[in-house]
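What follows is one structure encoded as structure tokens, with my remarks underneath.
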Amino acid sequence: MLAKVFSGATIGLDGILIDVEVDVANRGFPTFNLVGLPNKAVDEAKDRVRTAIVNVDFEMPDSRITVNLAPADIPKEGSSFDLPIAIGILAASGMIKKTLLNNSLFIGELSLEGKLRKVPGVISLVQTAKSKKIINIFLPLENAQEAALISGLNIYPVYDLIELIFHLNEEKLITSFPPIDIQSLKQEVVYEFDFSEVKGQEAAKRALEIAAAGMHNVHLKGVPGAGKTMLCRAFPSILPPMEKEEILEVTKIYSILGLINQGFILTRPFRSPHHTTSRIGLIGGGTNPLPGEISLAHRGVLFLDEFPEFPRFVLESLRQPLEDGIITISRAAGSLTFPCRFLLLAASNPCPCGYLGHPKRRCHCLPGTILKYHKRLSGPLLDRIDLHIDVPQVEEEKLIDSASAESSETIRQRIINARSRQQKRFINTRIKTNGEMTPKEIKKFCQLTSEATNLLKQAISRLSLSARSYFKIIKISQTIADFEDAEKIQVRFIAEALQYRAKEE
């Protein structure tokens, strides 16, 4: 007999529907053939499925079994086909009813005792099922919360194979998992660092506040111990909460890599890779391309401490993603595109020893060594960073001052207000913040006073600003204007934005 079961596979971040066709023949020698471009993990499903069926006290058919994973020209990977293959064999053998199979999706890995284990990429597969009008989703219990983020479906969390067999035979039904309202999940987050704990550094705090409001990239440069790393570690505490669309985007990326523990990602990502990270580890790739750190930082922060210590060819690979917000990885088999709209936070020392320009400690680096150190960061890369901030040594008076600085919660509320103005401005567009504006949007949305325009013209000629720098100054100025709810960009907003440009070495 023939049975057909729906399952799914992921290519990049997208899910595709896979038809698991199972034929249990009445003639021929007993064999178990699995076709449709399965990889080793899929091919090993034959042993897992056979043992699981026997261990839940059902008989494995002693006949010729052929399983086809269609479409056959798409490579199949992973262990998520275990469950649909087992259900297909049982249905083709007449041990379970086929009534519910036509409108159901089955995904999950089987243990040898018949229990289901969690699998990656569930949210992508569930979204695909919904688009194909498949409304019943049978998956491992640990994946149920993630799948329940997608509304309008019947999510059935399955503990083991025998439980699912009873459900399909309508002997003992599984209770569906209730849909999850993302808004109800938002909770108070306890951050490791708070801006109130950072002594002094008011200028750097102001710059980071602007960066958080408009999603502008930042480069902090200063002597060791000035507080660069602590400022960056405290930065997530001032970021506004994610919206529903952003939660789904980020959760999908983490789901593909199997990095979800509680079913969803509610807080903005903060990724801090070590400077020995490879190029593939940073931007993604591999034989079967997977997202890298820049995609894991999507809608959040990528923090690169000891910025110049990263290999230059690794840093140069950031240039296009910083501009486009996506990364396309091309291989012989095809191209995959991953989202990577992140805020870059970079921290570096002024020289190899770190004490160039220190008021009390002497720098021991040779001029040639300092020049070589600075050349590790190319001009085009630095030009893509909006805010360049010098972080000086903290003064003794401020260091021992017991007075508490402004808290992250207070700063975050100002940023939320500024973001709300941006949302109203970009309500009919695909962008969310000022940092994402292209020259076309800048011309449409950013209005300058005549005095501000004159100052900007002078800056272009005197400071030799590139076209990219010119537009970045306008975007930063617009973010500053949003803090004050100003309709037009005024001259003092341009003046402040100009202070954040990169200084000549």
Inset, instruction - Please report, ordered by residue number, the helices (runs of 4 or more DSSP H) entirely within region 214-324 with at least 1 residues that are touching a helix residue (DSSP H, G or I) at 6+ places or on another chain (Cβ under 6 Å), over 30 Å from K372 (Cβ atoms) and among the hydroxyl-bearing types (S, T, Y). - result: 244-256, 293-296
Inset, instruction - May I ask you to list the residues in region 103-118 that are closer than 25 Å to I16 by Cα and not basic (K, R)? - result: N103, S104, L105, F106, I107, G108, E109, L110, S111, L116
Inset, instruction - Pick out the one residue from A467, A502, A497 that is modelled with pLDDT of 95 or more and either closer than 29 Å to Q320 by Cβ or not assigned by TED's automatic domain parsing to the domain that holds Q413 (or both). - result: A497
Inset, instruction - Examine region 402-409 for a residue that is touching a helix residue (DSSP H, G or I) at 6+ places or on another chain (Cβ under 9 Å), closer than 24 Å to E209 by Cβ, part of a helix (DSSP H, G or I) and outside the structural domain of S469 (by TED's automatic domain parsing), and state whether such a residue exists. - result: yes
Legend entry - Matching residues in region 151-171 - criterion: being buried (at least 18 other Cβ atoms within 10 Å of the Cβ) and either in contact with a strand residue (DSSP E or B) (Cβ under 8 Å, 6 or more places away or on another chain) or within 20 Å of N102 (Cβ to Cβ) (or both): L153, I155, Y156, P157, V158, D160, L161, L164, I165, H167, L168
Legend entry - Selection count, region 136-149, where residues are surrounded by fewer than 21 Cβ atoms within 10 Å (Cβ to Cβ) and out of contact with any Ser or Thr (no Cβ under 8 Å at 6 or more places or on another chain): 3
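For region 39-70, how many residues meet the condition of being touching a residue at least 40 places away in the same chain (Cβ under 8 Å) and either aromatic (F, W, Y) or surrounded by 14 or more Cβ atoms within 10 Å (Cβ to Cβ) (or both)? Steps first, answer last, please.
Applying the first criterion (touching a residue at least 40 places away in the same chain (Cβ under 8 Å)) to region 39-70 yields 45, 48-49, 51-53, 55-58, 64-70.
Among the residues that remain, those that are also either aromatic (F, W, Y) or surrounded by 14 or more Cβ atoms within 10 Å (Cβ to Cβ) (or both) are: 45, 48-49, 51-53, 55-56, 58, 64-70.
The qualifying residues number 16.
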Inset, instruction - Name the one entry in L382, L377 that is within 26 Å of S466 (Cβ to Cβ) and assigned to a helix (DSSP H, G or I). - result: L382
Legend entry - The lone exception for S196 - which of (1) assigned to a helix (DSSP H, G or I); (2) closer than 28 Å to K118 by Cα; (3) of a type in the set (G, A, S) it fails: (2)
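Among the candidates P367, P339, which residue alone is assigned by TED's automatic domain parsing to the domain that holds G285 and in contact with a strand residue (DSSP E or B) (Cβ under 8 Å, 6 or more places away or on another chain)?
Values: P367 fails: in contact with a strand residue (DSSP E or B) (Cβ under 8 Å, 6 or more places away or on another chain).
None of the others qualify; the one that does is P339.
Return a yes/no flag: does region 158-165 have any residue that is touching a Ser or Thr at 6+ places or on another chain (Cβ under 7 Å), in a strand (DSSP E or B), in the same structural domain as I96 (by TED's automatic domain parsing) and at pLDDT 95 or above. I'd like the intermediate steps shown before the answer.
As a first pass, look at region 158-165 and keep what is touching a Ser or Thr at 6+ places or on another chain (Cβ under 7 Å): none.
Looking through region 158-165, none of the residues is touching a Ser or Thr at 6+ places or on another chain (Cβ under 7 Å), in a strand (DSSP E or B), in the same structural domain as I96 (by TED's automatic domain parsing) and at pLDDT 95 or above.
For region 127-145, which residues satisfy the criterion of being outside any helix (DSSP H, G or I) and not aliphatic (A, V, I, L, M)? Write out each step before concluding.
Initial filter on region 127-145 (outside any helix (DSSP H, G or I)): 132-140.
Residues satisfying the conditions are K132, K133, N136, F138, P140.
Scan region 68-103 for residues that are hydrophobic (A, V, I, L, M, F, W, C) and touching an Asp or Glu at 6+ places or on another chain (Cβ under 7 Å) and jot them down. Write out each step before concluding.
Here is the first cut: in region 68-103, the ones hydrophobic (A, V, I, L, M, F, W, C) are 69-70, 72, 74, 81, 83, 85-87, 89-92, 95-96, 100-101.
The answer is A70, A92.
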Legend entry - Condition check for L13: in the same structural domain as G78 (by TED's automatic domain parsing), under 22 Å from I253 (Cβ atoms) and not polar (S, T, N, Q): yes
Legend entry - Odd one out for F307, checked against (1) at pLDDT below 95; (2) over 26 Å from Q422 (Cβ atoms): (1)
Inset, instruction - Hey, can you tell me all the residues within region 363-387 that are out of contact with any Cys (no Cβ under 9 Å at 6 or more places or on another chain), more than 28 Å from K205 (Cβ to Cβ) and not hydroxyl-bearing (S, T, Y)? - result: L366, P367, G368, L371, K372, K375, P380
Inset, instruction - Return the pairs, sorted by first residue and then second, in which the second residue is β-branched (V, I, T) and assigned to a loop (DSSP other than H, G, I, E, B), the first residue lies in region 88-115 and is under 20 Å from D62 (Cβ atoms), the beta carbons are less than 6 Å apart, and the residues are 6+ apart or on different chains. - result: L90/I96; G114/V56
Legend entry - Single residue of L105, L83, L69 found to be over 18 Å from V158 (Cα atoms), at pLDDT 95 or above and not hydroxyl-bearing (S, T, Y): L69
Inset, instruction - Pairs only if they're at least six apart or on different chains, beta carbon under 8 angstrom, first in region 292-321 and polar (S, T, N, Q), second part of a helix (DSSP H, G or I); list them, first residue then second. - result: S295/I253; S317/R279; S317/L282; S317/I283
Legend entry - Long-range neighbours under 9 Å by Cβ, at least six apart or interchain, first residue in contact (Cβ under 8 Å) with a residue 24 or more places away in the chain and in the same structural domain as G300 (by TED's automatic domain parsing) within region 242-261, second acidic (D, E) and surrounded by fewer than 21 Cβ atoms within 10 Å (Cβ to Cβ): M242/E249
Inset, instruction - Select from region 460-499 the residues that are in contact with a Phe, Trp or Tyr (Cβ under 6 Å, 6 or more places away or on another chain) and small (G, A, S) and write down the one among them that is surrounded by the most Cβ atoms within 10 Å (Cβ to Cβ). - result: S477
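Got at least one residue in region 394-411 being farther than 19 Å from I480 by Cβ and under 26 Å from the mean Cα position of the chain (by Cα)?
Residues of region 394-411 that are farther than 19 Å from I480 by Cβ, as a first pass: 394-405, 407-409.
After this cut, where a residue has to be under 26 Å from the mean Cα position of the chain (by Cα) as well, the list is 408-409.
Looking through region 394-411, at least one residue is farther than 19 Å from I480 by Cβ and under 26 Å from the mean Cα position of the chain (by Cα).
The values are calculated or read from the model by the stated rules, or taken from the named source; none is laboratory data. These figures come from a predicted structure and were not determined experimentally. All Cβ positions, even for glycine, are placed from backbone atoms using ideal geometry, and neighbour counts span all protein chains on display.
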